[in-house]
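Here the structure comes first, spelled out in structure tokens, and everything after it is commentary.
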Amino acid sequence: MDMHPNFESSSQAPVRKLFTRGDLAIEYVLWGAKTGGKLALVAFHGFSRPLEDMAALLPYLRANEALLAIHLPAHGRSSGHHRPLELDEWADAMEALVAELGLSLGGRTVAYSLGGRVGLSWWMARNDAMSELILIAPDGLRKSPGYAWSVDTLAGRSILKRSLKWRGAMVRWTDRLLRWGLIDKHHHQFSLFHLESDPIWSMVQDCWLSMRRFWPYNLEAFLKSRNGRVQIHLGERDQIIPPSVGRKFARHTPVTFHPFGHRLIRPEVLDVIFAPTTSADKP
């Protein structure tokens, strides 16, 4: 990847910093803010991934933008480890962070996978948070029954909080369900990824419990009201966020399918997503 003019040399590369507001913490990295008064291009990564993944957006920055990559709740040092979060509280902290950095909201937000749910929830809660939302293989388009039971019911949350001690048994049952033909190979592999170790399953618990109020309800009406300012990009071979999930939204907002699986943070896809950017937009 060619270095963007705003990207500091490796010896001066930005490091992770921590912003706190009360007892809420947000870890972030900022690129391209050598001058003040820029719009924040806010970027949200996927589950269990580092925020540095979103440095892939650097070649697509506009002259008036700085890239602000945020660690999602329960990732890095961001709040969410065994702590339920209120969306309004988190949104207030985001606004305070952007102001402290000398930036402005109201520009573009790019959100991948689990980050998509955060981006959607944020814009639905704060109408002036952004003017355009680019969703890449986003979570939040459909709530699975198992997830809903785990986070939206007292019984589900109680079991989820205590489930770490049963991780080994859950792995064995997942293997049995595959052998019995009750789940397919993809579902089996996807489940084992989340159950492969105590740290990963702990992150699942923390994310599900701390972000349970981060959910975009009444999504179709919201997309219709944005007049095409939400883009949805999906992988044709994605089995985590399958293409069928996004098709019903195509009558409300642009939906584009790419010839890949879930891993869409890649130059071949980003070049297509940001193709409308003109030379006048470049620094």
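For the reader, a short list of remarks on this structure follows.
- Residues in the range 99-122 that are out of contact with any helix residue (DSSP H, G or I) (no Cβ under 8 Å at 6 or more places or on another chain) and either among the charged types (D, E, K, R) or surrounded by fewer than 24 Cβ atoms within 10 Å (Cβ to Cβ) (or both): ALA99, GLU100, LEU101, GLY102, LEU103, GLY106, GLY107, ARG108, ARG117.
- Within the set GLY107, GLY119, the sole residue that is under 25 Å from LEU160 (Cβ atoms), small (Gly, Ala, Ser) and in contact (Cβ under 8 Å) with a residue 24 or more places away in the chain turns out to be GLY119.
- Checking MET211, MET203, MET170 one by one, the residue that is modelled with pLDDT under 95 and within 21 Å of the chain's Cα centre (by Cα) is MET203 and no other.
- Some residue of the range 73-81 being on the phi < 0 side of the Ramachandran plot, touching an Asp or Glu at 6+ places or on another chain (Cβ under 7 Å), in a helix (DSSP H, G or I) and surrounded by fewer than 21 Cβ atoms within 10 Å (Cβ to Cβ): no
- Subset of the range 125-134 (residues that are surrounded by fewer than 23 Cβ atoms within 10 Å (Cβ to Cβ) and either among the polar types (S, T, N, Q) or not in a loop (DSSP other than H, G, I, E, B) (or both)): ALA125, ASN127, SER131, GLU132
- Single unsatisfied condition, HIS188 versus (1) out of contact with any Lys or Arg (no Cβ under 9 Å at 6 or more places or on another chain); (2) of a type outside the set (A, V, I, L, M); (3) in the same structural domain as SER78 (by TED's automatic domain parsing): (3)
- Pairs linking a residue in the range 183-198 that is within 15 Å of PHE47 (Cα to Cα) to a residue that is assigned to a loop (DSSP other than H, G, I, E, B) and not aromatic (Phe, Trp, Tyr), with Cβ atoms under 8 Å and 6 or more positions apart or on different chains, are PHE190/GLN239; PHE190/ILE240; SER191/ILE183.
- LEU39 under 30 Å from ILE200 (Cα atoms) and modelled with pLDDT of 95 or more: no
- If the condition is being surrounded by 15 or more Cβ atoms within 10 Å (Cβ to Cβ) and among the charged types (D, E, K, R), then the range 147-199 contributes ARG157, ARG167.
- Residues in the range 191-235 that are outside any helix (DSSP H, G or I) and over 16 Å from TRP123 (Cβ atoms): GLU196, SER197, ARG212, HIS233, LEU234, GLY235.
- Any hit, the range 137-146, residues being of a type in the set (Gly, Ala, Ser), out of contact with any His (no Cβ under 6 Å at 6 or more places or on another chain), touching a residue at least 24 places away in the same chain (Cβ under 8 Å) and surrounded by fewer than 20 Cβ atoms within 10 Å (Cβ to Cβ): no
- Qualifying position, being at pLDDT below 95 and among the aromatic types (Phe, Trp, Tyr), among TYR112, TYR147: TYR147
- Count of the range 255-271 residues which are free of Cβ contacts under 8 Å to residues at least 40 places away in the same chain and loosely packed, with under 13 Cβ neighbours inside 10 Å: 3
The values are calculated or read from the model by the stated rules, or taken from the named source; none is laboratory data. Only a predicted model underlies this, so the values are computations on that prediction, with no experimental measurement involved. Methodologically, a virtual Cβ is constructed for each residue, glycine included, from the backbone with ideal geometry; neighbour enumeration extends over all protein chains shown.
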